[in-house]
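The values are calculated or read from the model by the stated rules, or taken from the named source; none is laboratory data. This is a predicted model, so every value here is computed, not measured. All Cβ positions, glycine included, derive from the backbone under ideal geometry; neighbour counts span all protein chains shown.
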Number of protein chains: 2
Amino acid sequence: MGGIAYLVGMSKALPHPGPEAIDLSAVLDALRDPIRRAIVLMVAEEGERRCSSFLHCTTKTNLTYHVARLREAGVVRVRVEGPARIVSLRRAELDARFPGLLDAVLAGTRQDPPLARLVETA
Amino acid sequence: MGGIAYLVGMSKALPHPGPEAIDLSAVLDALRDPIRRAIVLMVAEEGERRCSSFLHCTTKTNLTYHVARLREAGVVRVRVEGPARIVSLRRAELDARFPGLLDAVLAGTRQDPPLARLVETA
């Protein structure tokens, strides 16, 4: 069964909005949640990360939900590699579409002591 | 009864978060709604406006709700003057707390044709 899940995982490309379809309401909605902002900050600082590396932030179910919200809004890209999901920031596309927005949100997130601690302990 | 409402209106100062209490999650939550972004853009361009001048955007009930959401998040200041509510942007406080955020969101809102039209017809 692990083998089947592995194969299914391999073949499944998750849907992402194209660069022109990234919507400001959806991006702000995705970023309004502090856990999602912490995830974005960690990915921003390290290029890409396994989804499982965020498990110190919240439960697995919540994490799956939060990463899906970020992906559907166009904030992150999620790649399926066998059983792992690799998360990266769509920085160039976001910066092109909404200049300055991501940096302002990341700076605000860094100022928040509980969130900054989540990122440090990652 | 109109007279009583007038007097009550006069004496009522609406609650606003102090500059240090403005929270990023609350600000992003307030700004994720397109009607609220249109209101913020109109106030940004004109300094201050009567709440009733936004009635072309939505119904009166919705407008009351949206302006309250913006006020509670610390995005706008609302002053009661007799029967009127005067809305202004807390730009300096927002810019000090989250540099670049408001400008990025306003620029993104200006790019959105339906919202830009709402602002033009104001």
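So the values come out like this:
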read-out	value
Failed condition for A:Pro99, given (1) in contact with a strand residue (DSSP E or B) (Cβ under 9 Å, 6 or more places away or on another chain); (2) within 12 Å of another protein chain (Cβ to nearest Cβ); (3) part of a loop (DSSP other than H, G, I, E, B)	(1)
Residues that are in contact (Cβ under 8 Å) with a residue 60 or more places away in the chain, away from every other protein chain (no Cβ under 13 Å) and assigned to a loop (DSSP other than H, G, I, E, B), drawn from the range A:14-60	A:Leu14, A:His16, A:His56, A:Cys57
Criterion violated by B:Val78 - all others in (1) farther than 30 Å from A:Leu115 by Cα; (2) modelled with pLDDT of 95 or more; (3) touching a Gly at 6+ places or on another chain (Cβ under 8 Å) satisfied	(3)
For B:Leu63: the one exception among (1) free of Cβ contacts under 8 Å to residues at least 40 places away in the same chain; (2) loosely packed, with under 12 Cβ neighbours inside 10 Å; (3) away from chain A (no Cβ under 14 Å); (4) of a type outside the set (Val, Ile, Thr)	(2)
Hits in the range A:66-90 - residues which are in a helix (DSSP H, G or I) and either of a type in the set (Asp, Glu) or away from chain B (no Cβ under 14 Å) (or both)	A:Val67, A:Ala68, A:Arg71, A:Glu72
Test: residue in the range B:48-69 that is in contact with a Gly (Cβ under 9 Å, 6 or more places away or on another chain), of a type outside the set (Asp, Glu) and more than 25 Å from A:Ala30 (Cα to Cα)	no
Flag for B:Ala104 being within 24 Å of A:Leu106 (Cβ to Cβ), within 14 Å of chain A (Cβ to nearest Cβ), without any contact (Cβ under 8 Å) to a residue 12 or more places away in the chain and assigned to a helix (DSSP H, G or I)	yes
Failed condition for B:Gln111, given (1) within 14 Å of another protein chain (Cβ to nearest Cβ); (2) buried (at least 20 other Cβ atoms within 10 Å of the Cβ); (3) closer than 25 Å to A:Ala21 by Cβ	(2)
Single residue of B:Leu24, B:Leu94, B:Leu41, B:Leu101 found to be within 30 Å of A:Pro113 (Cα to Cα) and in contact with a Lys or Arg (Cβ under 8 Å, 6 or more places away or on another chain)	B:Leu24
